[in-house]
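Engineer: So that we are looking at the same thing, I have put the structure below in structure tokens.
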Amino acid sequence: MNPAPIAVIDLGSNTARVVVFRIEPEGTFQAVADAKVPLRLIRQIDSRSRLRAEACESTLRVLADFRQIALGAGARRIITVATAALREASNGLDLISRVKQTTGISIRLLPPEAEARCAFLGAVYGMAAENGLVLDIGGGSLQIGHFRNRRLLATWSLPLGALRLSDRFLRSDPPGKQEIRRLRDFAAKVLARAEIPELREDEILIGTGGTIRNLGKIDTRLRGYPITRLHGYILTAGQTRGLSALFCDRRGSARAAIPGLNASRADSITGGSLLAELVMEHIGAGRMLVAGLGLREGLILEALGVELPEPRLVRASAVRALVSRFTSWDERRAGRRKKIAETLSSVLSPPDSRFQSEMLVHAAVILDIGRSVEYYRRHEHASMILRSAGLNGFGHREILYLSLIIEVAEHFEWKERSFKPILRNGDLDEITRSAVLLSLADEIEHRVPLHRAPRLGCRIAGNSVVLSEPALAAWDPGSIAEAFVRSFGRNLRVSGRARSS
């Protein structure tokens, strides 16, 4: 039985948000309730560095409501943090005390280094990245963490939030060239003084937080991108510059109508996009990987004392978490299909095809989740579920690669080409070969009686590949054999004899 959900309340400088998570046995996060309110606290600090009275009252009301949402979702633990706005407000501690007295909520005033550390934990936990920088653009501050071998080495917290910069420099609508230049000059000087290292060749930039995710969401809408899940989306430096130019050229009303733009960020997205562009230029990043997880998930990992697992283990856990949600998924059959796929791959896949083999095995495990929609179109449905599901450790190339193995395994046909820019050269051929092996594994699995394990033999004999299993004595592989010849350049022969070496 899963433990009780945990609620996280993030009192940010731009937006306050509560998310209630159920932590799956596999270590994945499943959101079960959430709410957000754009309090704009960094904007509510007056000339005496005090939060205005109306902002304090609004915060009390919102937090009291968030507490009820957490309790209504069954949370027995509520982790609440405040960031830049309350750190800077001279009456921030007074507000924290009032919140405790009024609502019973204990707020942790998160130090900058702890904020950067938790953002790193959340972002990298769901990624396969080993080395790089984590970028988190908040409403009032910018957090950056440098990590190697999935361990945090250094952090920076800078007064460069999206709302702070927009309010300070971008007064006109749309902003003027001089305003944009002043913002750029100011941010560039702050970044230069911080001495943030440039990205090395083996490092990648990971972006997390609401501003970065909203940039990714807008870009996917503008491009007609085939995967709906933002986690793992790659935002290039050129695309980031294009988004900044788009926001700078439009008035507020026209900017708010841009597909994918969250209404609560219409007044801060311009400053946020310019800052993202500048950071990428400053560290020499040609692309940024958008993380679906971040500060809130990092706070839970910190509270539970969870260490960052290896990427391969993250992917395996994500697959287990996904399939466990479907009552139609049969663990025994999936395990048999996986073992058959491993046998086929060990003989027929090239020695250097570790990635290809791993994706084939995952596809063999996942295939039957499509039964939950319809058995006769389970390949198509499983593929569609994969493209919208959150799979930690899988980038968009990996998700697409995996979903296409399953989709193509049904009829050995390609239905669309909009995904080609996401894949690498050679991926289509690899996917087709893996799809043939998946189809073979599936056909063999459901012919083997459930009371015994598959006894599959696979060997190369001259210009043929011979499969031997007693349950296959009467089976004609038909179209699979034809696809096998096209993909592997060898004939496929099936024998009902016992496994031979």
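Engineer: For the stretch 240-348, which trypsin sites (Lys or Arg not before Pro) pass both filters: DSSP loop (anything but H, G, I, E, B) and at most 14 other C-beta atoms within 10 Å?
Structural biologist: Answer by residue number: Arg251, Arg325.
Engineer: Now a separate question. Taking only the Cα atoms of the stretch 6-110, how large is their convex hull per residue, in Å³?
Structural biologist: Residue-normalised Cα hull volume stands at 86 Å³.
Engineer: Another one. Full extension from Ser479 to Glu130: what is 0.36 nm times the residue separation minus their Cα-Cα distance, to one decimal in nm?
Structural biologist: 121.4 nm
Engineer: Among DSSP bridges having both ends in the chain, what percentage is antiparallel? Round to the nearest 5.
Structural biologist: Bridges in the chain are about 60 percent antiparallel.
Engineer: Measure nothing fancy, just the Cα-based angle from helix 112-125's long axis to the longest principal axis of the chain, in degrees from 0 to 90, nearest 10.
Structural biologist: 20 degrees
Engineer: Cut-off under 18 Å on the C-alpha distance; same-chain residues fewer than 8 positions from Lys339 excluded. Which aspartates and glutamates are left, in chain and number order?
Structural biologist: Correct list for Lys339: Asp330, Glu331, Glu358, Asp368, Asp442, Glu443, Glu445, Glu469.
Engineer: Using a basic spin-label model with each label point 7 Å from the Cα along Cα→Cβ, how many nm lie between Asp330 and Leu222?
Structural biologist: 4.8 nm
Engineer: Further question: R0 = 41 Å: FRET efficiency of Arg108 with Asp352, Cβ-based, nearest 0.05? Each step should come with its number before you reach the end.
Structural biologist: Values: r = 48 Å, r/R0 = 1.17.
For Arg108 and Asp352, the calculated efficiency is 0.30.
Engineer: Ser253 to Arg312: extension gain in nm, 0.36 nm per residue of separation minus the Cα-Cα distance?
Structural biologist: Full-extension gain reported as 16.7 nm.
Engineer: Follow-up. Could you list Ser253, Ser434 in order of exposure, starting from the residue whose Cβ has the fewest other Cβ atoms within 10 Å?
Structural biologist: Lowest count first: Ser253, Ser434.
Engineer: When Rg is the radius of gyration of the Cα atoms in the stretch 311-495 and Rh is its Kirkwood radius, what does Rg/Rh come to?
Structural biologist: With Rg and the Kirkwood Rh in hand, the quotient comes to 0.94.
Engineer: Further question on the same structure: Please state, rounded to one decimal and in Å, the Kirkwood hydrodynamic radius that the chain gives when every pair of distinct Cα atoms enters the mean of 1/r. Show your work: numbers first, answer last.
Structural biologist: Numbers: mean 1/r = 0.0404 Å⁻¹.
The Cα-based Kirkwood calculation yields 24.8 Å.
Engineer: Along the charge dipole of the chain, which of Ile196, Thr28, Gly132 sits closest to the positive end, that is, farthest toward it, with unit charges on the beta carbon of Lys, Arg, Asp and Glu (+1, +1, -1, -1)?
Structural biologist: Highest projection toward the positive end goes to Thr28.
Engineer: Please find the FRET efficiency linking Ala192 to Arg397, where r is the Cβ-Cβ separation and R0 is fixed at 45 Å, and quote it to the nearest 0.05.
Structural biologist: With R0 = 45 Å, the Cβ-Cβ based efficiency is 0.85.
Engineer: Still on this model: What translational diffusion coefficient, in µm²/s and rounded to a whole number, does the Stokes-Einstein relation yield for the stretch 168-313 at 25 °C and a viscosity of 0.890 mPa s, taking the hydrodynamic radius as the Kirkwood radius over Cα pairs?
Structural biologist: 148 µm²/s
Engineer: Note down, for the stretch 230-377, the three equivalent ellipsoid semi-axes (square root of 5 times each alpha carbon gyration tensor eigenvalue), biggest first, whole angstrom.
Structural biologist: Semi-axes (√(5λ), whole Å): 40, 20, 18.
Engineer: Moving on. Which percent of Cα-Cα pairs in the stretch 230-306 sits in each 10 Å bin, short to long?
Structural biologist: Calculated over all Cα pairs of the stretch 230-306, the distribution is 17, 39, 31, 11, 2 percent.
Engineer: Which of the trypsin sites (Lys or Arg not before Pro) found in the stretch 171-229 are loop residues per DSSP with 16 or fewer other Cβ atoms within 10 Å of their Cβ? Please list the in-between numbers first.
Structural biologist: Numbers: sites: Arg171, Lys177, Arg181, Arg182, Arg184, Lys189, Arg193, Arg200, Arg213, Lys217, Arg221, Arg223, Arg229; in loops: Arg171, Arg200, Arg229.
Passing sites in the stretch 171-229 are Arg171, Arg200.
Engineer: Quick one: order Cys118, Cys56 by neighbouring beta-carbon count within 10 Å, fewest to most.
Structural biologist: Cys56, Cys118
Engineer: Around His381, what is the net charge, scoring Lys/Arg as +1 and Asp/Glu as -1 over all other residues with Cβ under 12 Å from its Cβ?
Structural biologist: -1
Engineer: Rounded to the nearest 20 Debye, what is the dipole magnitude of the stretch 311-495 about its Cα centre when Lys and Arg each give +1 and Asp and Glu each give -1 at the C-beta?
Structural biologist: 440 debye
Read the figures in this text as sums done on the coordinates, not as results from a lab. All figures in this text were calculated on a predicted structure; none of them were measured in a lab. Heads up, the Cβs are rebuilt from the backbone with ideal geometry, glycines too, and the neighbour counts pull from every protein chain shown.
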